[in-house]
Structure formats: structure tokens, C-alpha cells
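*Asks:* Let me give you the structure first, and then I'll get to my questions.
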Number of protein chains: 2
Amino acid sequence: MARSTASAPVSVPLEESKAAYLALKAKNLSLDLTRGKPSPEQLDLSAALLDLDLSGSFTSADGVDTRNYGGTDGLVELRTIYSELLGIPVPQLLALGNASLAVMHDVVVHALLHGVPGNTVPWHNEQIAFICPSPGYDRHFAITEALGIRNIRVPYLPDGSLDLAAIATHLQDPDVRGMWLVPMYANPTGATVTLEEAEQLMSLPAAAPDFRIFWDNAYAVHHLSDDEPGALDVLGLAAAAGHPDRPLVFASTSKVTFAGAGVSFFGASTANIAWYRTHAAVQTIGPDKVNQLRHARFLQSADGVRAHMRKHRELLAPKFAMVEQILASRLTGHARWTQPLGGYFVTLTAPRGTATRAVDLAKAAGIAVTPAGAAFPYGDDPDDAVIRIAPSFPSLDELEAAISGLCDCVLLAEAEAAVEAAAEAAGEH
Amino acid sequence: MARSTASAPVSVPLEESKAAYLALKAKNLSLDLTRGKPSPEQLDLSAALLDLDLSGSFTSADGVDTRNYGGTDGLVELRTIYSELLGIPVPQLLALGNASLAVMHDVVVHALLHGVPGNTVPWHNEQIAFICPSPGYDRHFAITEALGIRNIRVPYLPDGSLDLAAIATHLQDPDVRGMWLVPMYANPTGATVTLEEAEQLMSLPAAAPDFRIFWDNAYAVHHLSDDEPGALDVLGLAAAAGHPDRPLVFASTSKVTFAGAGVSFFGASTANIAWYRTHAAVQTIGPDKVNQLRHARFLQSADGVRAHMRKHRELLAPKFAMVEQILASRLTGHARWTQPLGGYFVTLTAPRGTATRAVDLAKAAGIAVTPAGAAFPYGDDPDDAVIRIAPSFPSLDELEAAISGLCDCVLLAEAEAAVEAAAEAAGEH
């Protein structure tokens, strides 16, 4: 991930900003930058998945009738495809239901009620905490918050990398049992964990023997450039570091095929997989194998997935380029932002104390942006600076209008804050 | 449900039974009566569901792109179909994932962690118990057992009806928070709750204000005779009785379309639905709407479901008739069994103390039967008498061989027990 250099903000004069904002409002826009949703054109890439005829051939590679009960691990042909993409051996990789978020939630619930390998004391019996690199994925933080687990905000470093020193310190606390992490093209910063960072994450001493990293590789194959790094062998790194049970790997096809109608994956050590199987066997008779068969037939192979993702990139890359171009032309010297090499988000860091106002201004002008603070535990961005931009869903024209309008809002919020600061300074004299 | 009259067993001579069993073993059978799985021919009835082309029309009735995120309640057109079948208003009926068992599990988990409307003390904080009419569905009992809830065995009365007096007594215990129930064509007894029984179940005073009945209407449309009773308006009965939040209704298309690849439903009071939504919103972004759209297009209407179920009946009824015919000709005077008017199971009640032996004999002869006791909490059938027969999956020829062979095993086990009892009686003199 690269970031534009931050400059000390020199605000546009207030009247000029106000005029621009009034002109924006007059456009009566209705645009949405809130969620990382694929666009209709991206979904069209998987049209063949909607039309596959399976009635002549509904049997899996290992001879299972996908129309009937059975097979809690998921179809082996689909696990094989994602085994290559995620670098996880097939026996340690399950293909599950339509939502990896639900698998993460359920893993936390199973741990709360039963404990995990390495410590069978139910987490529910203790006051536990999760490390939350921030800004991060709001739905991660919502799971632990809703389940009564304390979320610990650990800001990314100014260069966008993980604050491993802070994480190491928190790991000395035996209450710390988990950590949320999107290791590639993170939501929303775009940060990607390097091999060295991953080695450290797997090696760091932890006071809790059952510390787990929820390694949500949601964007493992979602590249935006010619550089297409493979997934790190995080299970291998963890085993080599003597902590084989530390990482829990999640992924899904939600942004490969259909959002919320795809297949999720769960990969982990043999002990963790056995543990998960035990509890999942009580919860369900198994995942939807028909949908898994459709996905295996449609995607065909790991190379099939890679080729398919390049088509997504063709649709997404121009949107990210447009965001970059507009932000650079309008906000250089006023804000900084990420230039992600993959994933679904741009993080815009507005002048300190202005994000809430800018988002409110945008909303009033018909541009829906994720609430300021949403990417932080408990919705609390201490700098009130981070704005998450999701460029994928709008058309290029809509995106241009929305980002340009958002820039008007950021500049007005900045100008207002500058005037306010000047007035305060004057008042102090 | 009707039952054959039980007679005092008069066992076949041991040598004769042994000879029959040896002849059975010599056939080297490999047959399976264990699970209530649809047969391939039943699954073929939904072949069109595998071949639907959706790419030209993937939008739901209310304009949602089913390929994208959103819509936690499920597709309104599918909820409308099941609203009519289950007698539940659409706003109180959600269409969810591929497994109603998972919804039941998750409802128990949410209650354990958060409490329920009427009592927000998490169930996990107390020693709670569920009433388990027995024999019942082993996977129900497995959920509560795995989650640390005490299962209370409440035997059905000799005529196959619920023991409402015993249930009323248990409800005086404030630890009793739940009850498992399959109200139509129960697994495995075939019993159907009458209107009068339902009224009592909804009216009975309960010490716990948050007592819930898990009303698993898995076989609501799975009739085996011309009599096609509709689902009872259990939510209406509960509201009329002043306990609107008592019933939680579950159903699925697993034995309508594809087992484990269908759609589940959850119906309840407005308060319970709001409660469920709150917790489900943390767990998942929503169910697989593409599969729901496929189901709505394929099933079309409540009448479409009814017509489809009559095709299932055409395939299933001859199997149940064959089981009845063989049991009547071979076991009259030795055992009793149910004659269900719907659902998936026949319950065979062998002479007291012989079920385990009969099932073991069957297994050794290549006939897999659900382990004796499996239909009871903790696998404990105090009479060691109940054998669950699932006739749906085998072909008619296989079924004939399997049931006939099972009769050989029941008769041998009975004869062995009689000889043993005679020896004991002789020893006592």
C-alpha cells in the first residue's frame, strides 16, 4: 500500500467552500459510497453461474449426491481450488455456507461456550478481549462487541503497517484471546501483511495459550494491479513458530461470484478443524452442496478464479483510478488517502476533527458515506478523521459526482474548522 | 396416528429364529434404514430446480438484486408461499439459510448468551432444562445436550399423544425454559398435535416467563394420505392464551426440494422476530437470496408446494405400506409399531429389553438401523424397546429385504430374551 504524503492543511476560504457546497446540494444527488458491494456489471461476470444446468450431473467428484444430506466438510473439488489459492492443505480447509462472517461469528460463539484447543475453559467464563487493528472492518468489531468481548483499538502506524510493538504489549495480557485481521488489502486501509509481519504475528509470545488470530482473507485474490501476490502460508508460519493453532483463516467467494450467495471457507490447524467439526456437527447437517457444486463447475480451477478476478479488476481498477485522480486534484495538501493495490476500499484521512462534519454534509447533499468512526471499535475514531470510501458499486459517472461532492464536503468542513480555530485563537488573546 | 394393538409377546422358538437369522446373514446384505433421507427418485422431482436459468431475471418481487448483499429477512415471494402453508403472517416469517436445524441451534445460542424477550437474563447464567417428548428427534436433543442444557425425557402416552399432565408438572419448575416438539408427523412416532393439545400447550401456566416451545414443523406438508390437514395457527393460539412469545416455529424445504440445499423458515411473535433479527444481523449479512429465488420460481405458490408434495407421496406411500404389510405379517403379537399418516418414520416397539440386541443383530447382517436409544435424550431408552425405521431412502426391493431382515432380528432377540428369562425363572426355583 502507498499513501500520499500528508501536508499541513491550508484550508480553502470559507466562502469559496460554502459556494461550492451549495452548488453541490443544488444537484440533488442520490449516491451511495457506503458498502463494499460489487456493481451489477461485476455480478454479470458470473451470469453463467445462474444458468448452469445440473440435473444431468449433480454428483460431486467423490461420488456424493449433492441434492441429499451429508458431507459436512464441503465438496472436495471446491476445497481443492481454494486450497491452492489460500495455500492451505485440503484436509485443513472446509467449504461452508454463504457467509464467512457467520463462520467467524460461530467460531467465537463456540469458543465462548466451549473453549478452544489449548484451553477448554469457555471464554464466556472470563473477561476477555480482542485486538482490533484500526481502522478495520466494522462487522468484525460488531461481533465481539455484541458477544460481550472487549475490543482493543490498535491504530495502524503512519506508514499503514501493523503496530507490532503495541500488539506484543497487549499479548502480555492473558485476557487477550483474539485479534481481528484482514491480511490482504485490508478493509478499509488496503494494507497487506508482509511475510515478516506474518512471521512476527505467529511468533509473538502470548500470555494466553489459546490466543487466536482471525485471519479474514476476504480479498485474497482481489488484486487491482499486475502484482498478484499469493496468500501467505500462515498455517505453515504458525506451525514453524510453535503456535500451530493461532491462525484461523476465513475466505469466501462473496466478491468473486455473488455477494451473500457464494461459498465460505474455513482453514486452520488439524486440532482447530477437528474442534470446529465437533461443534458444527451439532449445529447443522452440512452446507449447501448444490451451490458448492455450481461454484466448482463455474470456477473450474484456481487459474479459473484468477482469470475471473482479472475481469473484476478491469471493472474496478478504473473506479479506483478515478478516486485517486479526483482526490489528488482536489485534496492534495488538505487530506491524505490510501492507494490500495487490491480490495474494495479507499481510506480518506481528513483533517483532524472534521470527518463527522464532512460525512454529515455529504449526507445532506445526497451522498451516503459510512458514518465517521464506523471503522473503529465502538464507532470511536479518536481523531475524527477517517472516512471510508467504497468505490465499487456506483457507475463511473456516479462515482465521479460522489467523490467530487465528497471533496467539496471535506474542504468545507476543513474551512469551517479553520475559521472556528481562528476564532478560538482570537478569543484567547 | 394409529397403532397396532400390542399383544403379550409369544416368542418364536429359538432354533427357528436362529435358522432364519443365519439365512439372513448368508444374503450378505448392505442396506440402510438409518436416516430420514429422500430417495434419488424424490430428489428427481425437483430436477427443474437444478436447471432454472436466472441470468435474465435475478430480481426479487420487491426489486432486490438477489446476487448482491442485503435483505436479511429473505425473499418476500418465498415467505408469502410459506406464510400460507404455515399459517403465519409474512412479517412474522423469515426465509433463511439451508438448514432449519442451524436456526434452532442459533436461537438457543442467542438465548444462552443474551436471554430472550420476557427475560433478558442469559440462559447461560442458569441451570436450565428442556422438555423432550420421547422418542423424539435425536438432533434436537443433541443441540441442548451439547450446549449444557438438561434434557428431560417425557414419554408419549401409550396412545401416542403428548403427556400434557407430565408437561404441566415440569412447567412448574422455573428451570424449564424450552421444549422440543415436532407437531406434525413427529420424528419418529408420527404423532400429530391436535388443536386441543396445541391450545393446552399454549395455555399451560409456566413458572418461567420465558418458556419457549421449539415448534419444529419439519413435516407440515408431508402427508401420506388423502387427509391433508393444514398447519395449526399456533401463533394465534399462543396470543389468544396470553403467551404470544411461547412458540418458535421452524420449517424448511429440505424434504420438499433438496435435503440440505433448500431454504429454512423461522416464524414467531413480533417480539421474537425483532429479537432474532438483532442477533442475526451481527452473525450474517443475510441468507442466500439466489437459492431463495430459485425456490420461489420453482415452487410458485402454496398450491404448487401441495401439488409437489403429492408427487413425493406417490413415491413414499408404497414404502410405508410395504413396511406396514411386512410388520403386520411378521411381528403381529410380538411387537407394535406406528402407522403414520405423514412424515418420514415408523417407530417399531420391540419387546422390552430387546431393541439393542435386535439392532446389533441387524447390523451384523448388513442392515444399518439407527442405534437403539438414539431417539431418547442421552441415548437412553429405559425400556430398550424403540427402533426407528426410516423407509424413504431405499428402493422398494431393498426396503422389503431390510424390513424383512429386521423382523428376523427382532424375533431372534425376542426368542433369546425368552430363553434367558426362562432360565432365570428356572434358576430361581
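*Asks:* Might you check whether a residue that is closer than 30 Å to B:VAL282 by Cβ, small (Gly, Ala, Ser) and out of contact with any Gly (no Cβ under 8 Å at 6 or more places or on another chain) occurs anywhere in region B:144-155?
*Replies:* Yes: one or more hits.
*Asks:* In region A:291-313, what count of residues is obtained for those that are within 14 Å of chain B (Cβ to nearest Cβ), surrounded by fewer than 22 Cβ atoms within 10 Å (Cβ to Cβ) and of a type in the set (A, V, I, L, M, F, W, C)?
*Replies:* 1
Yes or no, residue by residue, for (1) touching a Lys or Arg at 6+ places or on another chain (Cβ under 6 Å); (2) in a loop (DSSP other than H, G, I, E, B); (3) more than 9 Å from chain A (Cβ to nearest Cβ); (4) touching a residue at least 24 places away in the same chain (Cβ under 8 Å):
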{"site": "B:SER17", "(1), (2), (3), (4)": "no, no, yes, yes"}
{"site": "B:ALA20", "(1), (2), (3), (4)": "no, no, yes, yes"}
{"site": "B:LEU24", "(1), (2), (3), (4)": "no, no, yes, yes"}
{"site": "B:ASN28", "(1), (2), (3), (4)": "no, yes, yes, yes"}
{"site": "B:THR34", "(1), (2), (3), (4)": "no, yes, yes, yes"}
{"site": "B:LYS37", "(1), (2), (3), (4)": "no, yes, no, yes"}
{"site": "B:LEU43", "(1), (2), (3), (4)": "yes, no, no, yes"}
{"site": "B:ALA48", "(1), (2), (3), (4)": "no, no, no, yes"}
{"site": "B:ASP53", "(1), (2), (3), (4)": "no, yes, no, no"}
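*Asks:* Let me ask something else about it. Filter region B:55-73 down to residues that are closer than 20 Å to A:ASP44 by Cα and within 33 Å of the chain's Cα centre (by Cα) and give me whichever is surrounded by the most Cβ atoms within 10 Å (Cβ to Cβ).
*Replies:* Step by step, filter region B:55-73, then rank; the result is B:ARG67.
*Asks:* Checking A:THR120 against (1) over 20 Å from the mean Cα position of the chain (by Cα); (2) of a type in the set (Ser, Thr, Tyr); (3) modelled with pLDDT of 95 or more, which test does it fail?
*Replies:* A:THR120 satisfies all of (1) over 20 Å from the mean Cα position of the chain (by Cα); (2) of a type in the set (Ser, Thr, Tyr); (3) modelled with pLDDT of 95 or more except (3).
*Asks:* Taking only pairs six or more apart or across chains, which ones have beta-carbon atoms under 8 Å, a first residue in region B:147-161 that is within 14 Å of another protein chain (Cβ to nearest Cβ), and a second residue that is surrounded by fewer than 17 Cβ atoms within 10 Å (Cβ to Cβ)?
*Replies:* Pairs found: B:ASN151/B:TYR378.
*Asks:* Which residue pairs have Cβ atoms closer than 6 Å, lie 6 or more positions apart in sequence or on different chains, and pair a first residue in region B:124-136 that is farther than 20 Å from A:HIS124 by Cα with a second residue that is among the basic types (Lys, Arg) and not in a loop (DSSP other than H, G, I, E, B)?
*Replies:* So the pair list comes out as B:CYS132/B:ARG153; B:SER134/B:ARG153.
*Asks:* Identify, by number, the condition in (1) crowded, with 23+ Cβ neighbours inside 10 Å; (2) touching a Ser or Thr at 6+ places or on another chain (Cβ under 7 Å); (3) within 13 Å of another protein chain (Cβ to nearest Cβ) that B:ALA251 doesn't meet.
*Replies:* Every listed condition holds for B:ALA251 apart from (3).
*Asks:* Looking at B:PRO89, is it modelled with pLDDT of 95 or more, on the phi < 0 side of the Ramachandran plot and away from every other protein chain (no Cβ under 14 Å)?
*Replies:* The answer is yes for B:PRO89.
*Asks:* What's the total number of residues in region A:276-314 that are in contact with a Gly (Cβ under 9 Å, 6 or more places away or on another chain) and more than 24 Å from B:LEU293 (Cα to Cα)?
*Replies:* The number of residues fulfilling the criteria is 2.
*Asks:* A follow-up question, please. Go through the residues of region A:231-240 one by one and say whether even a single one is of a type in the set (D, E, K, R), more than 18 Å from A:GLY87 (Cα to Cα) and out of contact with any Cys (no Cβ under 9 Å at 6 or more places or on another chain).
*Replies:* No, because not a single residue in region A:231-240 is of a type in the set (D, E, K, R), more than 18 Å from A:GLY87 (Cα to Cα) and out of contact with any Cys (no Cβ under 9 Å at 6 or more places or on another chain).
*Asks:* Shifting gears a bit: Checking B:ASP175 against (1) within 14 Å of chain A (Cβ to nearest Cβ); (2) over 19 Å from the mean Cα position of the chain (by Cα), only one condition comes out false. Which one?
*Replies:* Answer for B:ASP175: the failing condition is (1).
*Asks:* Quick check on region A:232-246. Is at least one of its residues surrounded by fewer than 24 Cβ atoms within 10 Å (Cβ to Cβ) and within 14 Å of another protein chain (Cβ to nearest Cβ)?
*Replies:* No: region A:232-246 contains no residue that is surrounded by fewer than 24 Cβ atoms within 10 Å (Cβ to Cβ) and within 14 Å of another protein chain (Cβ to nearest Cβ).
*Asks:* So, in region A:55-71, exactly how many residues are polar (S, T, N, Q) and either in a helix (DSSP H, G or I) or in contact (Cβ under 8 Å) with a residue 40 or more places away in the chain (or both)?
*Replies:* Number of matching residues: 2.
*Asks:* With respect to B:ASP226, is the statement that it is in contact (Cβ under 8 Å) with a residue 12 or more places away in the chain, of a type in the set (Asp, Glu) and not assigned by TED's automatic domain parsing to the domain that holds B:ALA390 true?
*Replies:* The answer is no for B:ASP226.
Matching residues to (1) surrounded by 23 or more Cβ atoms within 10 Å (Cβ to Cβ); (2) within 30 Å of B:LEU112 (Cα to Cα); (3) touching a helix residue (DSSP H, G or I) at 6+ places or on another chain (Cβ under 6 Å):
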{"site": "A:ALA111", "(1), (2), (3)": "yes, yes, yes"}
{"site": "A:PRO158", "(1), (2), (3)": "no, no, no"}
{"site": "A:LEU171", "(1), (2), (3)": "no, yes, no"}
{"site": "A:MET184", "(1), (2), (3)": "yes, no, no"}
{"site": "A:ASN187", "(1), (2), (3)": "yes, no, no"}
{"site": "A:GLY190", "(1), (2), (3)": "yes, no, no"}
{"site": "A:PRO205", "(1), (2), (3)": "no, no, no"}
{"site": "A:ASP210", "(1), (2), (3)": "no, yes, no"}
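The values are calculated or read from the model by the stated rules, or taken from the named source; none is laboratory data. Everything numeric here is computed off the predicted structure, so don't read it as measured data. In this analysis, Cβ positions are derived from the backbone assuming ideal geometry, glycine residues included, and neighbour counts consider all displayed protein chains.
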